[in-house]
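J.: Please find one structure pasted underneath; my questions will follow.
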């Protein structure tokens, strides 16, 4: 079922906001890391995994979710966090390692938790899947219509945790949707070289659940497939595996020279940028370019506000590293 | 003096085993105390003291026992 | 068989603790540790609908080590779940359930199996509070069996106390008797943090594993808590401190009985909690006695005994009268043949030798 106009505009606005965000992260991340790329330096140290190209996956799925639906995500989380409604200022402050960050600077870019919108991510491949099954079980036991969604990459489909989680989700018949963002590469190793099957969607049959493949990195098609799966889950009909063909326009991590990618591949993908394509699609469906421009400007303002907030935010002290190792008091 | 025997409710046919004595030889027990855990083929059951007094254990844990077997005395 | 005086001291100590919490006077009935754990779970599940239990064979079977007896019949399969052999998935699921406000108790059947699910334990459960700035807790209990000595060989006999106590964000407890087992389990369930609840196979009271009589003590049927993070003095003494936990406590008490006859008065500490370590209790005792021996049935190098001794030595608060000593298992995989395994495990006799050596004059 094609999304309605408002939903399409929402999706577009989230995608442009994501892209603007990643494009703002890029120079900030590179500060202090040139001419020699030493990951430890600069206002954003460590690794950085950008989501350019994968925005449709986030918006097509999150368009169906509310703040109490749990989402677990990966080391490449920003587009999903934004679509889920994570507090942009607190998220950015966290990425900049500031006291006003989501975890006071203790987690950073790969470990973003925002309980207001039931979002979390973690850096170990496939390890967000078990917790999503648990969140779905909690919803089922509470008897409400909440669902959980676990976003993973196609590389995660070869981890033991993937198979265990799918099996367990089916055995318990819980309202969880597993979403594979297939960007064709696990760092430098292509899916073709690492995966025994051509389509991970077929693996769903081993676990007695529907497996859906969505080609083309198209937000509307993703919206439709995700809508079906999430509705099934809310009706108590159990889990679904969705495999989305998407693309990674940047390296695996920033600093990745991507020499393993065939010549011209990235240029070709950028020429077919999903955001540009969707914009053209919306215009040809009768939406005024000016309206889209306004969404882009608003997105750019939100991003620049969040970055300004983060940059001027206080740094944490060393003593604060010792806080929150353990929770205290009643839960 | 009261005999403590394996009741038919715990072991009817075949053998079982006292898996653990909860009191020691020579200790004082009261009627109704759970003295030991007994395993039959299916489950673990509780052997209850029929009287109060001093416990004398006659059969150790992990030794096969049968229905009605004398396993302890209470004096 | 005679009732040893030290056993009644253990029982008295437990009774005093219970009474201090306003609990009924001397409870009559005795429980095995397995029964005590089952009772703690039953009472907490009665009290709090958020508590649920899952793991392999914990439902119909009541747990391979008897930790979940009676739960399935009382609470049903929604709250008492036999899982597939998928530790990563169901321990990960427990993390997600805890984040959603439930209080899962998960059994990892043998601590040795942590290899297939450690990420969910130390990268997810242990860091959930930290990564969320304290906003998302992880109130779960991971209960697991530890210990060898019965021929289960290298992959089913390990202790791994240090492997877990080492990792920030986890609490680790291990009871030596049924009173503490029940109280620690209740405390663990109520704690908003992930607690690894280890139970030693030699102490469970399962018939097929043998048992240690001293671990079977009177247990109150009320819901009481044994505080996490607090060691207890099982036996007061003047001459030397033996630090122990789990099975080691009983070996230490037996060793103390042996040495009393030789005029050596041994103080025995039962740590009860391995993380966070009650360093104050250890230091207070060693300040009094000036001698420390630690019994630890885990692998020797980089073990908890090493941490305890290092803590004492670096404190600057103690002048030791003899070099600190640890009685441990060697740095080898646990061998299968009893002729190999048994002599290598700590024992009361070995502990007594080590304690006597504390009194040999130094050159």
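J.: Hey, does the stretch C:21-36 have a residue that's surrounded by fewer than 18 Cβ atoms within 10 Å (Cβ to Cβ), within 11 Å of chain B (Cβ to nearest Cβ), part of a loop (DSSP other than H, G, I, E, B) and at pLDDT 80 or above?
T.: Checked against the condition, which is being surrounded by fewer than 18 Cβ atoms within 10 Å (Cβ to Cβ), within 11 Å of chain B (Cβ to nearest Cβ), part of a loop (DSSP other than H, G, I, E, B) and at pLDDT 80 or above, the stretch C:21-36 yields at least one hit.
J.: Please state which one of C:194, C:227 is modelled with pLDDT of 95 or more and in contact with a helix residue (DSSP H, G or I) (Cβ under 6 Å, 6 or more places away or on another chain).
T.: C:194
J.: Separate question: Give the stretch B:23-53 a look and list any residue that's free of Cβ contacts under 8 Å to residues at least 24 places away in the same chain, within 10 Å of another protein chain (Cβ to nearest Cβ) and assigned to a loop (DSSP other than H, G, I, E, B), or say none.
T.: Once the filter is applied, which keeps residues that are free of Cβ contacts under 8 Å to residues at least 24 places away in the same chain, within 10 Å of another protein chain (Cβ to nearest Cβ) and assigned to a loop (DSSP other than H, G, I, E, B), the stretch B:23-53 yields B:30, B:32, B:33, B:43.
J.: Separate question: Any residue in the stretch B:7-19 that is more than 11 Å from chain C (Cβ to nearest Cβ), in contact with a strand residue (DSSP E or B) (Cβ under 6 Å, 6 or more places away or on another chain) and surrounded by 12 or more Cβ atoms within 10 Å (Cβ to Cβ)?
T.: yes
J.: Being in contact (Cβ under 8 Å) with a residue 40 or more places away in the chain, over 20 Å from residue C:35 (Cα atoms) and surrounded by fewer than 20 Cβ atoms within 10 Å (Cβ to Cβ) is true for just one of C:261, C:288. Which residue is that?
T.: When all the criteria are applied, what remains is C:288.
J.: Looking at the stretch A:144-188, which of its residues are part of a loop (DSSP other than H, G, I, E, B) and within 20 Å of residue A:228 (Cα to Cα)?
T.: A:144, A:145, A:146, A:147, A:173, A:174, A:175
J.: What is the number of the single condition among (1) touching a helix residue (DSSP H, G or I) at 6+ places or on another chain (Cβ under 8 Å); (2) more than 14 Å from chain A (Cβ to nearest Cβ) that residue C:64 does not meet?
T.: If we test residue C:64 against (1) touching a helix residue (DSSP H, G or I) at 6+ places or on another chain (Cβ under 8 Å); (2) more than 14 Å from chain A (Cβ to nearest Cβ), just (1) comes out false.
J.: OK, next. Quick one: in the stretch A:292-329, of everything that is over 26 Å from the mean Cα position of the chain (by Cα) and in a helix (DSSP H, G or I), which residue is farthest from the other protein chains (Cβ to nearest Cβ)?
T.: Taking the candidates together, the pick is A:312.
J.: Any residue in the stretch A:260-274 that's in contact (Cβ under 8 Å) with a residue 40 or more places away in the chain: show its pairings with residues that are part of a helix (DSSP H, G or I) at Cβ separation under 9 Å, as long as the two are six or more apart or on different chains.
T.: A:273/A:19; A:274/A:15; A:274/A:55; A:274/A:56; A:274/A:219
J.: Can you confirm whether residue B:20 is within 10 Å of the chain's Cα centre (by Cα), assigned to a strand (DSSP E or B) and under 24 Å from residue C:220 (Cβ atoms)?
T.: Taking the combined requirement at face value, the residue satisfies it.
J.: Which ones in the stretch C:293-316 are in a loop (DSSP other than H, G, I, E, B) and surrounded by fewer than 22 Cβ atoms within 10 Å (Cβ to Cβ)? It would help to see each step written out before you state the result.
T.: Step one: list which residues in the stretch C:293-316 are in a loop (DSSP other than H, G, I, E, B), which gives C:300-303, C:315-316.
The answer is C:300, C:301, C:302, C:315, C:316.
J.: Within the stretch C:328-335, identify whether any single residue is assigned to a loop (DSSP other than H, G, I, E, B), modelled with pLDDT under 95, surrounded by 14 or more Cβ atoms within 10 Å (Cβ to Cβ) and in the same structural domain as residue C:250 (by TED's automatic domain parsing), and answer yes or no.
T.: Scanning the stretch C:328-335, I find at least one residue that is assigned to a loop (DSSP other than H, G, I, E, B), modelled with pLDDT under 95, surrounded by 14 or more Cβ atoms within 10 Å (Cβ to Cβ) and in the same structural domain as residue C:250 (by TED's automatic domain parsing), so the answer is yes.
J.: For the stretch A:159-184: of the residues being more than 9 Å from chain C (Cβ to nearest Cβ) and surrounded by fewer than 24 Cβ atoms within 10 Å (Cβ to Cβ), which is farthest from residue A:241 (Cα to Cα)?
T.: Only one residue tops the list, namely A:184.
J.: Here's something else I'd like to know. Is it the case, given these coordinates, that residue B:65 is at pLDDT below 95, buried (at least 17 other Cβ atoms within 10 Å of the Cβ) and either in contact with a strand residue (DSSP E or B) (Cβ under 9 Å, 6 or more places away or on another chain) or within 10 Å of chain C (Cβ to nearest Cβ) (or both)?
T.: yes
J.: When you go through (1) surrounded by 23 or more Cβ atoms within 10 Å (Cβ to Cβ); (2) within 24 Å of the chain's Cα centre (by Cα); (3) more than 23 Å from residue A:144 (Cβ to Cβ) one by one for residue C:86, which number turns out not to apply?
T.: Among (1) surrounded by 23 or more Cβ atoms within 10 Å (Cβ to Cβ); (2) within 24 Å of the chain's Cα centre (by Cα); (3) more than 23 Å from residue A:144 (Cβ to Cβ), the lone unmet condition for residue C:86 is (2).
J.: Looking for something within 14 Å of chain C (Cβ to nearest Cβ) and assigned to a loop (DSSP other than H, G, I, E, B) - is there at least one such residue anywhere in the stretch A:51-65?
T.: The answer is no; no qualifying residue exists.
J.: Residue check, residue B:1 against (1) exposed (fewer than 15 other Cβ atoms within 10 Å of the Cβ); (2) more than 10 Å from chain C (Cβ to nearest Cβ); (3) farther than 25 Å from residue C:202 by Cα; (4) without any contact (Cβ under 8 Å) to a residue 60 or more places away in the chain, all met but one. Which one?
T.: Of the numbered conditions (1) exposed (fewer than 15 other Cβ atoms within 10 Å of the Cβ); (2) more than 10 Å from chain C (Cβ to nearest Cβ); (3) farther than 25 Å from residue C:202 by Cα; (4) without any contact (Cβ under 8 Å) to a residue 60 or more places away in the chain, the odd one out for residue B:1 is (4).
J.: Also: Could you list, in sequence order, the residues of the stretch C:49-61 that are farther than 21 Å from residue B:19 by Cα and within 11 Å of another protein chain (Cβ to nearest Cβ)?
T.: Correct list: C:49, C:50, C:52, C:54.
J.: Could you say whether any residue in the stretch C:219-235 is within 14 Å of chain B (Cβ to nearest Cβ), surrounded by fewer than 19 Cβ atoms within 10 Å (Cβ to Cβ) and more than 15 Å from the chain's Cα centre (by Cα)?
T.: Yes: the stretch C:219-235 contains one or more residues that are within 14 Å of chain B (Cβ to nearest Cβ), surrounded by fewer than 19 Cβ atoms within 10 Å (Cβ to Cβ) and more than 15 Å from the chain's Cα centre (by Cα).
J.: Of the conditions (1) touching a helix residue (DSSP H, G or I) at 6+ places or on another chain (Cβ under 9 Å); (2) closer than 19 Å to residue A:78 by Cβ, residue A:279 fails just one. Which one is it?
T.: It is condition (2) that residue A:279 fails.
J.: Among the residues of the stretch A:102-113, are any at pLDDT below 95, buried (at least 24 other Cβ atoms within 10 Å of the Cβ), within 25 Å of residue A:230 (Cβ to Cβ) and within 12 Å of chain C (Cβ to nearest Cβ)?
T.: no
The values are calculated or read from the model by the stated rules, or taken from the named source; none is laboratory data. Predicted, not measured: the structure shown is a model, and the values here were computed from it. Heads up, the Cβs are rebuilt from the backbone with ideal geometry, glycines too, and the neighbour counts pull from every protein chain shown.
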